[in-house]
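Only one structure is covered here, and it is reproduced in the block below.
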Amino acid sequence: MSSPSLPAATHPFPVHVLGGPTVLFEYGGLRFLTDPTFDGPGDHGRPGRPVLTKTAPSTATPADIGPIDVVLLSHDEHADNLDDSGRALLADVPLTLTTPGGGRRLGGTAKGLADWESMELSRPDGGTITVTGVPAIHGPGTREETEPSTGQVVGFVLTGAGLPTVHVSGDNASLDAVREIAGRFAPVDTAVLFAGAPRFPVLFDGAPIVLDSARAAEAAQILGARRVVPAHYDSWAHFTEGRDELAAAFAAAGLADRLDWGRPA
């Protein structure tokens, strides 16, 4: 049974999950892509960062998806959020929104957004889209406790006159951050929630560094999300929970009808 505290799910626009954290959607006439990762399976890593193993290819290539207007990049420091093919794609994208540190590292058309900082984007049919940077914490605890190990991360909220409210969580593990976002933007029409409960034994005693399935369902409740598109729960060896665990957790919370997998079953 669906939770009585949430309105009926709505599907105002299609969202395509391409594998890992890479999600494509059109909103207000602009085409958005999250955390581009298109390299093939195998070991990937950035200097000074752990080697991560990709286990499955993306379901599309940059050539398949066509031109992108805006990339929403939760962070640039991990290969499972921005790989070599993704970096190459950024050169052809008019705007990449990311963390303040990522904006400095990437240069070019990349711009960093601090918490609650907004940017107005012009819509092709007139009007604007507001993209707001929102808190995300890549691990258990506070930013001060996690950022030295996992780096700075940002989430996003998209709003506009006559448009649904969209939240892209990025690699966030903090329900306190979700509560802050809900306090300003709930109810959310579509929440793209990164999940998968990724763990590393050497980090935080093996605690998840992004939402696990139960906490993703709780985040959906906090946000009042009418639709939840899970992302970043597959295609990498360090994820410990996948589609089955997410489906079970949302069913247990009475939110199974909120799920949109963004791809054929």
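The values are calculated or read from the model by the stated rules, or taken from the named source; none is laboratory data. Worth saying up front: this structure is predicted, and the values here are computed from it rather than measured. A quick note on method: Cβ atoms are made from the backbone with ideal geometry, for glycine too, and the neighbour counts reach across all protein chains shown.
Each residue in region 135-159 was checked for being surrounded by fewer than 24 Cβ atoms within 10 Å (Cβ to Cβ) and at pLDDT 95 or above, and 3 pass. Note on region 177-213: residues that are at pLDDT below 95 and over 17 Å from the mean Cα position of the chain (by Cα) amount to 9.
Scoring Ser122 on the criteria (1) farther than 15 Å from Asp76 by Cβ; (2) modelled with pLDDT under 95; (3) of a type in the set (Gly, Ala, Ser) leaves a single failure, condition (2). Counting the residues of region 97-114 that are under 18 Å from His232 (Cβ atoms) and outside any loop (DSSP other than H, G, I, E, B) gives 3. If I filter region 111-131 for residues that are under 25 Å from Leu175 (Cα atoms) and among the charged types (D, E, K, R), do I get at least one hit? For region 111-131, residues under 25 Å from Leu175 (Cα atoms) and among the charged types (D, E, K, R): present. Tell me which residues, restricted to region 160-174, are at pLDDT below 95, in contact with a helix residue (DSSP H, G or I) (Cβ under 9 Å, 6 or more places away or on another chain) and of a type outside the set (S, T, N, Q). Selection gives Asp171, Ala173. If you go through region 80-96 and pick out every residue that is buried (at least 22 other Cβ atoms within 10 Å of the Cβ) and in a loop (DSSP other than H, G, I, E, B), you end up with 4. Taking the criterion of being in contact with a Ser or Thr (Cβ under 8 Å, 6 or more places away or on another chain) and either modelled with pLDDT of 95 or more or more than 24 Å from Pro14 (Cβ to Cβ) (or both), the residues of region 232-249 that qualify are Trp236, Ala237, His238, Glu241, Glu245, Leu246, Ala248, Ala249.
Can you find a residue in region 125-132 that is surrounded by fewer than 18 Cβ atoms within 10 Å (Cβ to Cβ) and at pLDDT 95 or above? Yes, there is a match, as at least one residue in region 125-132 is surrounded by fewer than 18 Cβ atoms within 10 Å (Cβ to Cβ) and at pLDDT 95 or above.
For region 161-180, the tally of residues that are over 12 Å from Ile137 (Cβ atoms), crowded, with 24+ Cβ neighbours inside 10 Å and without any contact (Cβ under 8 Å) to a residue 60 or more places away in the chain stands at 1.
Checked against the criterion of being surrounded by fewer than 13 Cβ atoms within 10 Å (Cβ to Cβ) and modelled with pLDDT of 95 or more, the candidates Pro36, Pro67, Pro47 yield just one match: Pro67.
Being in contact (Cβ under 8 Å) with a residue 60 or more places away in the chain, in a loop (DSSP other than H, G, I, E, B) and among the small types (Gly, Ala, Ser) is the filter; apply it to region 223-243 and report the residue that is farthest from Pro36 (Cα to Cα). Within region 223-243, the match that is farthest from Pro36 (Cα to Cα) is Gly224.
A search for C-beta distances below 8 Å between a residue of region 78-103 that is closer than 19 Å to Gly66 by Cβ and without any contact (Cβ under 8 Å) to a residue 40 or more places away in the chain and any residue that is outside any loop (DSSP other than H, G, I, E, B) and charged (D, E, K, R), counting only pairs 6+ apart in sequence or on different chains, returns Leu95/Lys111; Thr96/Lys111.
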